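The values are calculated or read from the model by the stated rules, or taken from the named source; none is laboratory data. The structure presented is a predicted model; accordingly, all values stated were derived computationally and were not measured. Quick reminder, even Gly has a Cβ in these numbers, built from the backbone with ideal geometry, and neighbours come from all protein chains shown.
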C-alpha cells in the first residue's frame, strides 16, 4: 500500500488524496467516524481514539498514525481491548505510519490522523 502524508490535513493512499482521518481495514480505505469519541473531547482537549469507534480489530497488528506531531490521544481502553484481542498496537506519527504501511502490504489495519 502506497501511503504518503502530503501536508497538514492531507494524505495520499495509493494515488488517492484524502483530507480527513482514515481507517484502513485489510487494504480497504474509509473515513474515520469519530463522532462516538467526541464525548471525550473536553477530557483530552482533542477528540481521542476510543473503543466506541469502529476499530478494525480483525488482524494481529493495528497501526495508528497519531498526526503530524503525534498528538492524537489514544484512550487506555483501546490498549486494553487490543491486549484482550491479541492485537499489537503500533502508535507513531502519521508520517512514520505511512512508512510502515508501505512495507505492510494489502492485509493491513490502520487508523490515520491527518492533522496535529
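Residue 90 passes all but one of (1) within 23 Å of residue 8 (Cα to Cα); (2) surrounded by fewer than 16 Cβ atoms within 10 Å (Cβ to Cβ); (3) out of contact with any strand residue (DSSP E or B) (no Cβ under 7 Å at 6 or more places or on another chain); which number fails?
All conditions are met except number (3).
Just to be sure before I move on: is residue 97 over 17 Å from residue 1 (Cα atoms) and buried (at least 16 other Cβ atoms within 10 Å of the Cβ) in the structure I sent? Reasoning before the result, please.
Numbers: over 17 Å from residue 1 (Cα atoms): no; buried (at least 16 other Cβ atoms within 10 Å of the Cβ): yes.
Criteria not met by residue 97.
If a residue must be in a helix (DSSP H, G or I) and free of Cβ contacts under 8 Å to residues at least 60 places away in the same chain, how many such residues does the range 84-97 contain?
Residues that pass the stated criteria total 3.
Going by what's in this entry, would residue 116 be described as in contact with a strand residue (DSSP E or B) (Cβ under 6 Å, 6 or more places away or on another chain), surrounded by 14 or more Cβ atoms within 10 Å (Cβ to Cβ) and touching a residue at least 24 places away in the same chain (Cβ under 8 Å)? I'd like the intermediate steps shown before the answer.
Values: in contact with a strand residue (DSSP E or B) (Cβ under 6 Å, 6 or more places away or on another chain): no; surrounded by 14 or more Cβ atoms within 10 Å (Cβ to Cβ): yes; touching a residue at least 24 places away in the same chain (Cβ under 8 Å): yes.
The answer is no for residue 116.
Of everything in the range 70-94, what is closer than 15 Å to residue 113 by Cβ and touching a helix residue (DSSP H, G or I) at 6+ places or on another chain (Cβ under 9 Å)? Give them in sequence order.
The first filter runs over the range 70-94 and keeps only residues closer than 15 Å to residue 113 by Cβ, leaving 70-75, 78, 89-94.
Scanning the range 70-94 gives 70, 72, 73, 75, 89, 90, 91, 92.
Do the conditions hold for residue 51, that is, is it farther than 15 Å from residue 101 by Cα and surrounded by 16 or more Cβ atoms within 10 Å (Cβ to Cβ)? Spell out how you get there, then give the answer.
Numbers: farther than 15 Å from residue 101 by Cα: yes; surrounded by 16 or more Cβ atoms within 10 Å (Cβ to Cβ): yes.
Yes; evaluated as a whole, the condition is true for this residue.
Looking only at the range 58-77, which residues are touching a residue at least 40 places away in the same chain (Cβ under 8 Å) and at negative phi? Spell out the reasoning first.
Residues of the range 58-77 that are touching a residue at least 40 places away in the same chain (Cβ under 8 Å), as a first pass: 58-59, 61-69, 71-72.
Once the filter is applied, which keeps residues that are touching a residue at least 40 places away in the same chain (Cβ under 8 Å) and at negative phi, the range 58-77 yields 58, 59, 61, 62, 63, 64, 65, 66, 68, 69, 71, 72.
Might you check whether a residue that is in contact with a strand residue (DSSP E or B) (Cβ under 7 Å, 6 or more places away or on another chain), closer than 16 Å to residue 110 by Cα, at pLDDT 95 or above and part of a loop (DSSP other than H, G, I, E, B) occurs anywhere in the range 76-83?
Applying the first criterion (in contact with a strand residue (DSSP E or B) (Cβ under 7 Å, 6 or more places away or on another chain)) to the range 76-83 yields 78-79, 82.
When the remaining residues are screened for being closer than 16 Å to residue 110 by Cα, the result is 78-79, 82.
Still in the running and at pLDDT 95 or above: 78-79, 82.
Those still in the list that are part of a loop (DSSP other than H, G, I, E, B) too: none.
No - not one qualifying residue is present in the range 76-83.
Residue under question is residue 108, and the condition is that it be modelled with pLDDT under 95, crowded, with 20+ Cβ neighbours inside 10 Å and touching a helix residue (DSSP H, G or I) at 6+ places or on another chain (Cβ under 9 Å); does it hold? Full working, then the answer.
Details: modelled with pLDDT under 95: yes; crowded, with 20+ Cβ neighbours inside 10 Å: yes; touching a helix residue (DSSP H, G or I) at 6+ places or on another chain (Cβ under 9 Å): yes.
Taking the combined requirement at face value, the residue satisfies it.
Can you pull out every residue in the range 55-75 that is part of a loop (DSSP other than H, G, I, E, B) and surrounded by 14 or more Cβ atoms within 10 Å (Cβ to Cβ)?
55, 56, 57, 59, 67, 68, 70, 71, 72, 73, 75
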